[in-house]
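> Below is the structure I would like to discuss, written out as structure tokens.
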Amino acid sequence: MCDLADLKDGEARRFDSGALRIAVVRIGDDVYALGDRCSHADYSLSEGAVDADERTLECWKHGSTFDLRTGEPQTLPATRPVPVYEVSVREGTVVLVLP
Ligand code: FES
């Protein structure tokens, strides 16, 4: 998908694959991939802030935070999870497994 070095530590970046929008987050050597569309309304999660300690991504529009590991919302107003995708790093390259 891209090199790990292309992802800024502690930030999210959006990738599009067909109709899918994916927010990819790097925290150190860990990489997470979530659906980029907030479950509360159609806003891009990759434009929100990453909390490296809590491992969450915050929706910039109304402030819901989503667990990077499960996609579950941690705070209102979102009540439904966003999808999480399998992602790994192989020899410095980020590999995303899409359904
Ligand atoms: S659009 Fe994300 S919390 Fe409202």
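Residues checked against (1) small (Gly, Ala, Ser); (2) over 19 Å from Gly10 (Cα atoms); (3) part of a strand (DSSP E or B):
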| residue | (1), (2), (3) |
| --- | --- |
| His40 | no, yes, no |
| Glu54 | no, no, no |
| His62 | no, yes, no |
| Gly71 | yes, no, no |
| Ala78 | yes, yes, no |
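> Could you check how many residues of region 48-94 are among the β-branched types (Val, Ile, Thr), touching a helix residue (DSSP H, G or I) at 6+ places or on another chain (Cβ under 9 Å) and within 11 Å of the ligand (Cβ to nearest atom)? Quick ask: steps written out before the conclusion?
First pass over region 48-94, keeping only residues among the β-branched types (Val, Ile, Thr): 50, 56, 65, 70, 75, 79, 82, 84, 87, 89, 93-94.
Narrowing further to those that are touching a helix residue (DSSP H, G or I) at 6+ places or on another chain (Cβ under 9 Å): 82, 89, 93-94.
Cutting the leftovers down to within 11 Å of the ligand (Cβ to nearest atom) gives us 82.
Adding up the residues that qualify gives 1.
> Then there is this: I'd like the full set of residues that are among the polar types (S, T, N, Q) and either free of Cβ contacts under 8 Å to residues at least 12 places away in the same chain or more than 23 Å from Arg90 (Cα to Cα) (or both), limited to region 17-45.
Listed by number, the residues that qualify are Ser39, Ser44.
> Can I ask one more? Across region 1-16, what is the number of residues that are open to solvent by less than 50 Å² (accessible area, probe 1.4 Å) and either in contact (Cβ under 8 Å) with a residue 60 or more places away in the chain or farther than 18 Å from Val82 by Cα (or both)? Step through it out loud before you land on a result.
Residues of region 1-16 open to solvent by less than 50 Å² (accessible area, probe 1.4 Å): 2, 4, 7, 10, 12, 15.
If we keep only those that are either in contact (Cβ under 8 Å) with a residue 60 or more places away in the chain or farther than 18 Å from Val82 by Cα (or both) as well, we get 2, 4, 7, 10, 15.
Result for region 1-16: 5.
> Also, I was wondering about something else. Being open to solvent by less than 30 Å² (accessible area, probe 1.4 Å) and among the aliphatic types (A, V, I, L, M) is the filter here; which residues of region 51-86 pass it?
The answer is Leu57, Leu68, Ala78, Val82.
> Is it the case that Val84 is modelled with pLDDT under 95 and at negative phi?
Details: modelled with pLDDT under 95: no; at negative phi: yes.
No; evaluated as a whole, the condition is false for this residue.
> For residues that are part of a loop (DSSP other than H, G, I, E, B) and among the aliphatic types (A, V, I, L, M), tally how many sit in region 80-99. Working first, answer last.
At the first step, the residues of region 80-99 found to be part of a loop (DSSP other than H, G, I, E, B) are 80-83, 91-92, 98-99.
When the remaining residues are screened for being among the aliphatic types (A, V, I, L, M), the result is 82, 98.
The total comes to 2.
> Just to be sure I understand, how many residues within region 26-47 are of a type outside the set (S, T, N, Q), within 16 Å of the ligand (Cβ to nearest atom) and open to solvent by less than 40 Å² (accessible area, probe 1.4 Å)? Show your work before the answer.
Here is the first cut: in region 26-47, the residues of a type outside the set (S, T, N, Q) are 26-38, 40-43, 45, 47.
Filter once more, keeping what is within 16 Å of the ligand (Cβ to nearest atom): 34-38, 40-43, 45, 47.
Keeping just the survivors that are open to solvent by less than 40 Å² (accessible area, probe 1.4 Å) gives 34-36, 38, 41, 45.
Result for region 26-47: 6.
The values are calculated or read from the model by the stated rules, or taken from the named source; none is laboratory data. Please read these numbers as outputs of a predicted model, since none were measured by experiment. Neighbour counts run over all protein chains shown; Cβ positions are idealised from the backbone, glycine included. Side chains included, ligands, DNA and RNA excluded: accessible areas come from the protein's heavy atoms. Shrake-Rupley method; radii C 1.70, N 1.55, O 1.52, S 1.80 Å.
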